[in-house]
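In what follows, a structure is listed as structure tokens, so that the remarks can point back to it.
The values are calculated or read from the model by the stated rules, or taken from the named source; none is laboratory data. Predicted model only: the values in this text are computed from it and were never measured. Note: ideal-geometry Cβ built from the backbone for every residue, glycine included; neighbour counts use all protein chains shown. Calculation scope for accessible area: heavy atoms of the full protein, side chains included, ligands and nucleic acids excluded. Shrake-Rupley method; radii C 1.70, N 1.55, O 1.52, S 1.80 Å.
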Amino acid sequence: KIRSRQDALRGITPNFIHSLDAAHLTKVINTMCNPEDEDSTSDFWAIHDCFAVHPGDTERLREVVKETFVEIHTKEDEEGNQIHKTLSDWLIEIHPGWTSAADIGIDLPEPDDDFKIKDVLKSEFIIS
């Protein structure tokens, strides 16, 4: 079956989001289990988006999850401010022929101007 461009664009989203989750998980594990870090742990359990550590490492895990999430989902704007990456930012980054959201060819949601990616660092419930 030949897929249309529209079908490909619609289908990429769940797989792309899953790849971001996997990248986040990788960063969390690499940070928590870094042997060069004195706070490193070798006791880390993970399945998909579920993490487990010894109780004494729980607070560090919470901080690492938040910090790595912000790292993955942040970009610099024209003035050098750290802002949230949008779906169009990601698509433009991975597709060599696209330079703006208009090149993507589908309607994308407008970003929420009230959302500040750095607020995730203050989140109590990003991980529980």
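Which percent of the accessible area of the chain is formed by carbon and sulfur heavy atoms (probe 1.4 angstrom)? Looking at the chain in its full context, I get 52 percent from C and S. With a Cα cut-off of under 13 Å and a minimum spacing of 8 residues unless on different chains, the lysine pairs in the chain number 8. Each Lys or Arg adds one and each Asp or Glu subtracts one; over the other residues with Cβ under 11 Å from the Cβ of F51, this totals -1. Normalised per residue, the accessible area of the chain is 70 Å², obtained with a 1.4 Å probe and no contribution from ligands, DNA or RNA. In the chain, the calculated helix contribution to ellipticity at 222 nm averages -14000 deg cm²/dmol per residue, counting -39,500 (n - 2.57) for every DSSP H run with n ≥ 4. Ranked from largest, the principal axis spans of the Cα set of the chain equal 50, 42, 27 Å.
Using a simple charge model, +1 on the beta-carbon of Lys and Arg, -1 on the beta-carbon of Asp and Glu, nothing else, what dipole does segment 28-101 show about its Cα centre, in debye to the nearest 20?
That gives a dipole near 340 debye.
Shown in residue order for segment 98-104 are the 3J(HN,Hα) couplings computed by the Karplus curve 6.51 cos²θ - 1.76 cosθ + 1.60 at θ = phi - 60°: 9, 10, 8, 4, 5, 5, 5 Hz (x for Gly and Pro).
May I ask you to list the chymotrypsin sites (Phe, Trp or Tyr not before Pro) in segment 71-128 that are in a DSSP loop and have at most 15 other Cβ atoms within 10 Å of their Cβ? Intermediate values should be presented prior to the final figure.
Details: sites: W90, W98, F115, F125; in loops: W98, F115, F125.
Hits after loop and neighbour filter: W98, F115, F125.
Roughly speaking, what is the stretch gain from D77 to D103, that is 0.36 nm per residue apart minus the C-alpha to C-alpha distance, in nm to one decimal?
Values: separation 26, 0.36 × 26 = 9.36 nm, distance 1.95 nm.
Net length gain for the segment: 7.4 nm.
Calculate I(q)/I(0) for segment 69-110 by the Debye formula, one identical point scatterer on each C-alpha and no solvent, and give its log10 at q = 0.23 Å⁻¹ to two decimals. Relative scattering, expressed as log10 I(q)/I(0), comes to -0.84. Angle check, please: helix 58-72 long axis (alpha carbons) against the longest principal axis of the chain (alpha carbons), in degrees 0 to 90, nearest 10. Compared with the principal axis, the helix lies near 20 degrees.
When the chain is treated as a GNM with alpha-carbon contacts under 10 Å, the residue of D103, D39, D113 showing the greatest mean-square fluctuation is D113.
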